[in-house]
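The values are calculated or read from the model by the stated rules, or taken from the named source; none is laboratory data. Everything numeric in this text was worked out from a predicted model, so none of it was measured. Glycine also receives a Cβ, built like all others from the backbone with ideal geometry; neighbour counts cover every protein chain displayed.
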């Protein structure tokens, strides 16, 4: 597709916008009623989703809506709206940001919309949409998808159709829906099946598949009256980052950023794996940690006239810097009893950060009553000293606020105390810390508590094991990362000063 732009932008005159050979061309040429495209990040998913409706932009009465689950996902930097700005102006599109819609000279428009809540689908009752697109289909519920499918209607002469993109999610309904196209042992797309069209019909919440309409009718004719038999054609087209050289050319570092992800996310977003899940050993492995003696921890110079100075072991040069430390508590207040022989633990992880490296310096790990837990926390704060900040996750609501205020006035009086509400599930909160561990940025001080600490981490997220050390470590890492490291020029190998 070629289009001339306005005279104000002569460098863009006659710009050609076209799909790249491979999966993108297959996506735009497939006759299937419904296509799901993707499998890996950076494969040009949003581009083809936006390009598709332009073929009918001049057809009178053609309607199209592109959905994301939430509104910010449409307007975020680099999202759908930004990508559309690189395409639609070249074919006469005029943006209307007030209602996130593009208008074209023919009078047709391409609308962006969101379905944040399950009930949001009902807002489209009675709608007639010829082209329906879902960006990141795994974010939508099965109910939302099939309800909108009932709105996929047209009187403009164009056969109604649906297009969708997604990244792998083994726990999504989409994983089961496209299972014929995926190797169920490896979790990877089967190359020879990519783009192969099959037929399905949905009856009483059950989905029946076949390679042809006739074969499908033979399967369901005893269950479905012939007048109600309306099969739809479907295919899944697998695509990877390598299928999008336009991106790797302008952003050669993108692959490196995907490689830096934790194992599970890397396998999904770079490898296109639909089966890999967070299980014991996928988020933390003993071999990923680095172990050091306490004497190897970077410490302050002992020279009282030169505070905050370290010495490099290789050149013995002075460099300024200061390790920031925080001890984060994941609290429980139950002692073992005959009724509950293994209750939750209270974990207090002391973590330091210097130049983007993280040090697990100490662990307090106890099963005690509420009063004893608070005594332990108070005694630990006294031993750590007031240069160590204190963090603790509190329950949402007024009860959590009251508890935080009480701690500020009592056991943590005079200390820098940061009570915070946790957000997201445990696995999501642990991902940044897992990535730091996997990339060799986390050091553990050798100590008697190492085994119990590592046991928590390497068995996460197995529900049979405790996760208090994981929660405390993730929160400490998040806190130190969020505050941002103090930059120290030339810092490399550090030793205790003499």
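Observations, loosely collected:
- Residues that are surrounded by fewer than 16 Cβ atoms within 10 Å (Cβ to Cβ) and in contact with a helix residue (DSSP H, G or I) (Cβ under 7 Å, 6 or more places away or on another chain), drawn from the range 143-166: 143
- Residue tally, condition touching a helix residue (DSSP H, G or I) at 6+ places or on another chain (Cβ under 7 Å) and modelled with pLDDT of 95 or more, over the range 191-207: 6
- Single residue of the range 1-49 satisfying the filter (part of a strand (DSSP E or B) and at pLDDT 85 or above) that is nearest to the chain's Cα centre (by Cα): 38
- Tally of residues being part of a loop (DSSP other than H, G, I, E, B) and surrounded by 18 or more Cβ atoms within 10 Å (Cβ to Cβ) across the range 56-86: 4
- The set of residues from the range 359-400 being under 16 Å from residue 447 (Cβ atoms) and in contact (Cβ under 8 Å) with a residue 60 or more places away in the chain comprises 359, 360, 361, 362, 363, 365.
- Selected residue [farther than 30 Å from residue 16 by Cβ and within 27 Å of the chain's Cα centre (by Cα)] from 137, 80, 149: 149
- Applying a threshold of 9 Å to beta carbon distances and a minimum spacing of six or more residues, or different chains, the list of pairs starting in the range 79-93 at a residue that is touching a residue at least 60 places away in the same chain (Cβ under 8 Å) and ending at one that is part of a helix (DSSP H, G or I) reads 87/47; 87/50; 87/51; 87/54; 89/12; 90/12; 91/54.
- Residue match in the range 112-119 (condition: surrounded by 18 or more Cβ atoms within 10 Å (Cβ to Cβ) and assigned to a helix (DSSP H, G or I)): no
Conditions tested, residue by residue: (1) touching a strand residue (DSSP E or B) at 6+ places or on another chain (Cβ under 7 Å); (2) farther than 16 Å from residue 329 by Cα.
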{"site": "370", "(1), (2)": "no, no"}
{"site": "373", "(1), (2)": "yes, no"}
{"site": "385", "(1), (2)": "no, no"}
{"site": "404", "(1), (2)": "yes, no"}
{"site": "409", "(1), (2)": "no, yes"}
{"site": "428", "(1), (2)": "no, yes"}
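The rows are residues; the columns are (1) more than 22 Å from residue 210 (Cα to Cα); (2) in contact with a strand residue (DSSP E or B) (Cβ under 9 Å, 6 or more places away or on another chain); (3) not assigned by TED's automatic domain parsing to the domain that holds residue 66.
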residue: 106; (1), (2), (3): yes, no, no
residue: 109; (1), (2), (3): yes, yes, no
residue: 118; (1), (2), (3): yes, no, no
residue: 136; (1), (2), (3): yes, yes, no
residue: 155; (1), (2), (3): yes, no, no
residue: 170; (1), (2), (3): yes, no, no
residue: 180; (1), (2), (3): no, yes, no
residue: 188; (1), (2), (3): no, yes, no
residue: 193; (1), (2), (3): no, yes, no
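- Tallying residues that are outside any loop (DSSP other than H, G, I, E, B) and either surrounded by 13 or more Cβ atoms within 10 Å (Cβ to Cβ) or modelled with pLDDT under 50 (or both) within the range 292-309 yields 3.
Conditions tested, residue by residue: (1) at pLDDT below 85; (2) part of a loop (DSSP other than H, G, I, E, B); (3) surrounded by fewer than 16 Cβ atoms within 10 Å (Cβ to Cβ).
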{"residue": "223", "(1), (2), (3)": "no, yes, yes"}
{"residue": "274", "(1), (2), (3)": "no, yes, no"}
{"residue": "284", "(1), (2), (3)": "no, yes, no"}
{"residue": "311", "(1), (2), (3)": "yes, no, no"}
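- Subset of the range 322-339 that is surrounded by fewer than 20 Cβ atoms within 10 Å (Cβ to Cβ) and over 18 Å from residue 372 (Cα atoms) - its residue that is modelled with the highest pLDDT: 324
- Number of positions in the range 245-277 that are more than 19 Å from residue 183 (Cα to Cα) and under 14 Å from the mean Cα position of the chain (by Cα): 6
- Where strands (runs of 3 or more DSSP E) fall wholly inside the range 373-454, the ranges with 2 or more residues that are more than 16 Å from residue 346 (Cβ to Cβ) and either at pLDDT below 90 or in contact with a helix residue (DSSP H, G or I) (Cβ under 8 Å, 6 or more places away or on another chain) (or both) are 417-420, 442-445.
- Candidates are the residues of the range 457-470 that are under 13 Å from residue 345 (Cα atoms) and over 23 Å from the mean Cα position of the chain (by Cα); the one that is modelled with the highest pLDDT is 466.
- Screening 89, 53, 95 for residues that are over 21 Å from the mean Cα position of the chain (by Cα), surrounded by 14 or more Cβ atoms within 10 Å (Cβ to Cβ) and part of a strand (DSSP E or B) leaves exactly one candidate, 95.
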